[in-house]
1. Here are the criteria: (1) open to solvent by 60 Å² or more (accessible area, probe 1.4 Å); (2) under 18 Å from Q46 (Cβ atoms); (3) out of contact with any Phe, Trp or Tyr (no Cβ under 8 Å at 6 or more places or on another chain). Tell me which single one A115 does not satisfy.
2. Report, by residue number, each residue of the stretch 108-136 that is small (G, A, S) and under 15 Å from the mean Cα position of the chain (by Cα).
3. Would you tally the residues in the stretch 21-45 being closer than 13 Å to R111 by Cα and out of contact with any helix residue (DSSP H, G or I) (no Cβ under 8 Å at 6 or more places or on another chain)?
4. Please specify each residue of the stretch 18-64 satisfying the condition of being of a type in the set (S, T, N, Q) and either assigned to a loop (DSSP other than H, G, I, E, B) or at positive phi (or both).
5. For the stretch 143-153, does any single residue satisfy the condition of being outside any helix (DSSP H, G or I), farther than 30 Å from G12 by Cα and open to solvent by 30 Å² or more (accessible area, probe 1.4 Å)?
6. Just checking, how many residues over the stretch 84-97 are part of a loop (DSSP other than H, G, I, E, B) and under 16 Å from T40 (Cβ atoms)?
7. With respect to the numbered conditions (1) without any contact (Cβ under 8 Å) to a residue 40 or more places away in the chain; (2) open to solvent by 40 Å² or more (accessible area, probe 1.4 Å); (3) closer than 30 Å to Q32 by Cβ; (4) over 22 Å from the mean Cα position of the chain (by Cα), which one is the sole condition not fulfilled by V139?
8. Taking the residues in the stretch 43-95 that are of a type in the set (S, T, N, Q) and within 17 Å of the chain's Cα centre (by Cα) as candidates, determine which candidate is least open to solvent (accessible area, probe 1.4 Å).
Amino acid sequence: MAGGHGGRGRQGSLCPVCLRATDAGRCASHGQWNRGQLLTRYDKRQAARVHWTPFEPALHACPRCLGAVAARGSAMVCIEHDHGANMHGPFQVDELLCAAGQRESAIARERIGRARDRRARRQQPIDIQLPSLDELGDVARLAGAVAVVAATLAFLAR
């Protein structure tokens, strides 16, 4: 987790393992992280869109997206995010997540994804079906028949 490399992309503030907010890069559960290793809110949203189970860890993975990394000179870069404003890396080898960190991070990411799915299901519009005219006619005829029977019984009861 040590090292002096900062990412050139957006500045993150979330622990790459548990995806919780850090205090100046320090996670209460996972210690100090370099700013290039920290996830951004965008990274977290992207992680929630992926299903992480089953997950098979690699030897090393990008701390921000758990993606594959490749050597570029003396540094490691995320293969999928090695470009643009949201670039992941470059990282030193000791800044990458090992298998245990990847597993824990995948579990946290899956939990966030399931919570996102639950919120999406709760926010779906309710489909209200109004009865068709045929059904309304049937209901009106039934109500009329019930009214005739009730009036007949009331008349006979007198």
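The values are calculated or read from the model by the stated rules, or taken from the named source; none is laboratory data. Since the model is a prediction, treat every value here as computed from it, not as a measurement. Quick reminder, even Gly has a Cβ in these numbers, built from the backbone with ideal geometry, and neighbours come from all protein chains shown. To get the accessible areas, we keep the full protein, side chains included, count just its heavy atoms, and leave off ligands, DNA and RNA. Shrake-Rupley method; radii C 1.70, N 1.55, O 1.52, S 1.80 Å.
1. Of (1) open to solvent by 60 Å² or more (accessible area, probe 1.4 Å); (2) under 18 Å from Q46 (Cβ atoms); (3) out of contact with any Phe, Trp or Tyr (no Cβ under 8 Å at 6 or more places or on another chain), only one is false for A115: (1).
2. First, the residues of the stretch 108-136 that are small (G, A, S): 108, 113, 115, 120, 132.
Correct list: A108, G113, A115, A120.
3. Let us first name the residues in the stretch 21-45 that are closer than 13 Å to R111 by Cα, namely 44-45.
Then keep just the ones that are out of contact with any helix residue (DSSP H, G or I) (no Cβ under 8 Å at 6 or more places or on another chain); that gives 45.
Adding up the residues that qualify gives 1.
4. Answer for the stretch 18-64, where residues must be of a type in the set (S, T, N, Q) and either assigned to a loop (DSSP other than H, G, I, E, B) or at positive phi (or both): T22, S29, N34, Q37, T40, T53.
5. The answer is no; no qualifying residue exists.
6. Taking the stretch 84-97 and keeping what is part of a loop (DSSP other than H, G, I, E, B), we get 84-90, 92, 96.
This time we only want the ones that are under 16 Å from T40 (Cβ atoms), so: 84-89.
Residues that pass the stated criteria total 6.
7. Of everything listed in (1) without any contact (Cβ under 8 Å) to a residue 40 or more places away in the chain; (2) open to solvent by 40 Å² or more (accessible area, probe 1.4 Å); (3) closer than 30 Å to Q32 by Cβ; (4) over 22 Å from the mean Cα position of the chain (by Cα), V139 misses just condition (3).
8. That would be Q46.
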